[in-house]
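Accompanying notes for the structure given below.
The values are calculated or read from the model by the stated rules, or taken from the named source; none is laboratory data. Nothing here was measured: the structure is a model prediction, and the numbers come from that model. Cβ sites come from the backbone with ideal geometry, for glycine too, and all protein chains shown count toward neighbours. Side chains included, ligands, DNA and RNA excluded: accessible areas come from the protein's heavy atoms. Shrake-Rupley method; radii C 1.70, N 1.55, O 1.52, S 1.80 Å.
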Amino acid sequence: MTYLVFARWFGLVSIILSFGILFNLEDARQMARNMVHSESGYIMGGVLPVMFGSLSLMFANSFDIGWTLLITLVGMSTLIVGTFRVIFVKQWRMLISRHIDQIPFLFSLFGLMLGVILLYVGFVANTFGE
């Protein structure tokens, strides 16, 4: 798997999930409230970012100026955030609980921006030789 395949895959997943949250904001808020107090919140908030971040770094680990740097930075930040969430569960829960009503919208907005950038990297930038 090259960084282009990873960018296409992660970008598409990000767009689909973000639109799902955006079109169902009230349900997403309720699910977020429930996730803070369950094991699924631990898995979704910490374990999955660690898995996806480390997967990203395995396939696109380059600090050369270009699109691979963007994929590397996304992977590193995902891994760092996931690691924080796994190690500091109590602090993460407190932070999430304080801003639980804004989180689904912001998560969706960030996911859409990230998805568009990654889809651009995966499909468009490669055709122009960048």
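Can you tell me which residue among LEU70, LEU118 is farther than 16 Å from GLY41 by Cα and under 12 Å from the mean Cα position of the chain (by Cα)?
On the way: LEU70 fails: under 12 Å from the mean Cα position of the chain (by Cα).
Being farther than 16 Å from GLY41 by Cα and under 12 Å from the mean Cα position of the chain (by Cα) holds for just one of LEU70, LEU118, which is LEU118.
Being modelled with pLDDT of 85 or more and either open to solvent by 60 Å² or more (accessible area, probe 1.4 Å) or of a type outside the set (Asp, Glu) (or both) holds for only one residue in ILE43, ILE65, ILE87, and it is ILE87.
Annotation: SER40 fulfils all but one of (1) assigned to a loop (DSSP other than H, G, I, E, B); (2) farther than 28 Å from ASN126 by Cβ; (3) of a type in the set (Gly, Ala, Ser); the unmet one is (1).
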